[in-house]
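Q: Just dropping this structure here.
The values are calculated or read from the model by the stated rules, or taken from the named source; none is laboratory data. This is a predicted model, so every value here is computed, not measured. Here Cβ is always computed from backbone atoms with ideal geometry, including for glycine, and neighbour counts include all displayed protein chains.
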Amino acid sequence: MTILRVDPEELVTCVACGLCLPHCPTYRVTGDESASPRGRIAAMRAVQSGDADLRGEFTRYMDECVQCRACEVACPSSVPFGHLMEGTRATLAAETSYVSWWQRLAYRTLGHHRVLLGLSRGLALAQRAHLVPTRVSLPKLPLHARPLRSTGDDAWLFTGCVMDAWQRDVHAAVIRVLGAAGVGVALPDSRRAGCCGALHVHAGLHDDAAALARRVLDAFPGDAPILVDSAGCGAALQDYGRLLGTDEAAAFAHRVHDVHEWLAERLDDLPAPPHRPDPDAPVAVHDPCHLRNVQRTHGAVRTVLERYVELRELDDEGLCCGAGGAYAALHPTLANQIRQRKLDAITRTGAATVASANPGCTLHLAAAGVDVRHPLEIVDAALHPHASHPA
Ligand code: SF4
Ligand code: SF4
């Protein structure tokens with residue numbers, strides 16, 4: 001009999017009311033109870049009680065969860081679904097071949113930043129030589145990533161792995177916006193702070209995530225705040241206290257802030273926009289799940305953005321876009337079905353540009369042809385309309 005690595009008391013909190021079902025993206029596109037939070041929790045209980053096996057269908061039910069955690073927000077019984085799913089996946093990763101060797105290799109690469117940069121450049125070259133199949137839905141990757149420069153020591157900026165390799169221009173824009181607010185930004189050693197471990201936690205690779213977390217802790221000495229411009233990384237860094245179980249990790253986690261939340265509390269420091277927001281160029285706001293459902297700070301994006309651009313809200317109640325870390329690569333059919341609902345909601349806003357503060361969502365939506373910008377790229381463009389790259 002398998003004992004899942006979950007807290008049994010958390011597992012019994014679900015009362016099977018079903019109120020979470022309409023908020024679950026996999027249930028919405030499949031209509032299957034087994035693809036719903038309630039069905040997944042029932043399956044976990046069946047394994048825990050010895051009535052079902054860990055392998056086969058159970059693995060599929062768990063693997064097809066996007067880990068968006070919208071069910072947590074909807075649940076009146078406060079079922080901590082994220083904990084349950086992370087513990088279940090840790091069990092699967094430890095006791096089955098759920099995470100393949102090539103996936104483990106890919107996850108390991110994320111922790112070696114120079115290797116990742118080299119591979120990214122190779123991929124960018126392959127794209128230009130038309131050697132990457134079009135079914136691999138990737139936007140055009142940068143051939144050259146301009147180095148970032150520290151501008152002071154008021155706050156750290158977490159730069160991460162894929163975001164630094166593929167979207168370093170976003171970090172540059174964030175540094176410029178923070179500079180405009182009078183904030184000097186320190187940058188960590190990317191060899192130590194190269195990956196937060198969020199994707200490893202999602203995959204159930206707890207030990208690998210903990211090893212990365214310990215390296216990240218060492219890369220941010222002092223007590224300056226640590227600002228994060230990626231929703232998924234921010235949520236992972238804020239959970240280091242639970243991941244590592246130490247006072248040091250808990251203290252570190254308290255220093256971590258989503259950059260929008262931090263700026264929203266200092267709005268007066270941000271320069272006024274040179275022009276009033278243009279009602280003919282609205283921007284639709286997409287909430288990354290790890291900002292909306294985990295950090296629950298998505299309102300701050302609007303607080304910062306609305307001074308500079310006309311905003312449009314999506315009418316899909318914040319349903320996940322299907323990106324889910326590595327989910328879009330591992331489950332392309334389901335991810336694309338989920339994304340189609342988001343694309344329809346974007347179309348209904350009439351906005352030509354979408355703001356999203358998470359690299360996974362950005363890549364997934366951009367692969368469908370959407371013009372997606374990071375919220376602070378939009379602020380940067382409003383503040384520095386004629387600048388190319390002043391950082
Ligand atoms: S997870 Fe919460 S909302 Fe969903 S069925 Fe269980 S108790 Fe109800
Ligand atoms: S985390 Fe998201 S995909 Fe998974 S069960 Fe909850 S709502 Fe559904």
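Q: Among the residues of the stretch 19-28, are any in contact with a Leu (Cβ under 8 Å, 6 or more places away or on another chain), within 16 Å of ligand 1 (Cβ to nearest atom), under 27 Å from P288 (Cβ atoms) and free of Cβ contacts under 8 Å to residues at least 40 places away in the same chain?
A: Scanning the stretch 19-28, I find at least one residue that is in contact with a Leu (Cβ under 8 Å, 6 or more places away or on another chain), within 16 Å of ligand 1 (Cβ to nearest atom), under 27 Å from P288 (Cβ atoms) and free of Cβ contacts under 8 Å to residues at least 40 places away in the same chain, so the answer is yes.
Q: Could I ask something else about it? Within the stretch 178-194, does at least one residue satisfy the condition of being surrounded by 23 or more Cβ atoms within 10 Å (Cβ to Cβ), under 20 Å from the mean Cα position of the chain (by Cα) and in contact (Cβ under 8 Å) with a residue 40 or more places away in the chain?
A: Checked against the condition, which is being surrounded by 23 or more Cβ atoms within 10 Å (Cβ to Cβ), under 20 Å from the mean Cα position of the chain (by Cα) and in contact (Cβ under 8 Å) with a residue 40 or more places away in the chain, the stretch 178-194 yields at least one hit.
Q: Looking only at the stretch 355-375, count how many residues are over 16 Å from the mean Cα position of the chain (by Cα) and either at pLDDT 95 or above or part of a helix (DSSP H, G or I) (or both).
A: Summing the residues that are over 16 Å from the mean Cα position of the chain (by Cα) and either at pLDDT 95 or above or part of a helix (DSSP H, G or I) (or both) in the stretch 355-375 gives 2.
Residue-wise test of (1) touching a helix residue (DSSP H, G or I) at 6+ places or on another chain (Cβ under 8 Å); (2) surrounded by fewer than 16 Cβ atoms within 10 Å (Cβ to Cβ).
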position: G325; (1), (2): yes, no
position: I338; (1), (2): yes, no
position: A366; (1), (2): no, no
position: G369; (1), (2): no, yes
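Residues checked against (1) over 22 Å from the mean Cα position of the chain (by Cα); (2) within 12 Å of ligand 1 (Cβ to nearest atom):
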site: V12; (1), (2): yes, yes
site: D53; (1), (2): yes, no
site: G56; (1), (2): yes, no
site: E64; (1), (2): no, no
site: C71; (1), (2): no, yes
site: E86; (1), (2): no, no
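Q: Going by the conditions given, is D32 under 27 Å from K342 (Cβ atoms), in contact (Cβ under 8 Å) with a residue 12 or more places away in the chain and more than 10 Å from ligand 1 (Cβ to nearest atom)?
A: It is false that D32 is under 27 Å from K342 (Cβ atoms), in contact (Cβ under 8 Å) with a residue 12 or more places away in the chain and more than 10 Å from ligand 1 (Cβ to nearest atom).
Q: Would you kindly identify the helices (runs of 4 or more DSSP H) lying entirely within the stretch 211-291 that contain at least 2 residues that are buried (at least 17 other Cβ atoms within 10 Å of the Cβ) and in contact (Cβ under 8 Å) with a residue 60 or more places away in the chain?
A: Here the list reads 231-237, 259-264.
Q: What number of residues within the stretch 35-51 satisfy the criterion of being away from ligand 1 (no atom under 11 Å from the Cβ), out of contact with any Leu (no Cβ under 8 Å at 6 or more places or on another chain) and not hydroxyl-bearing (S, T, Y)?
A: 5
Q: Still on this structure: Go through (1) farther than 28 Å from V372 by Cβ; (2) more than 16 Å from ligand 2 (Cβ to nearest atom); (3) modelled with pLDDT of 95 or more and name the single condition A155 misses.
A: With respect to (1) farther than 28 Å from V372 by Cβ; (2) more than 16 Å from ligand 2 (Cβ to nearest atom); (3) modelled with pLDDT of 95 or more, A155 is out only on (1).
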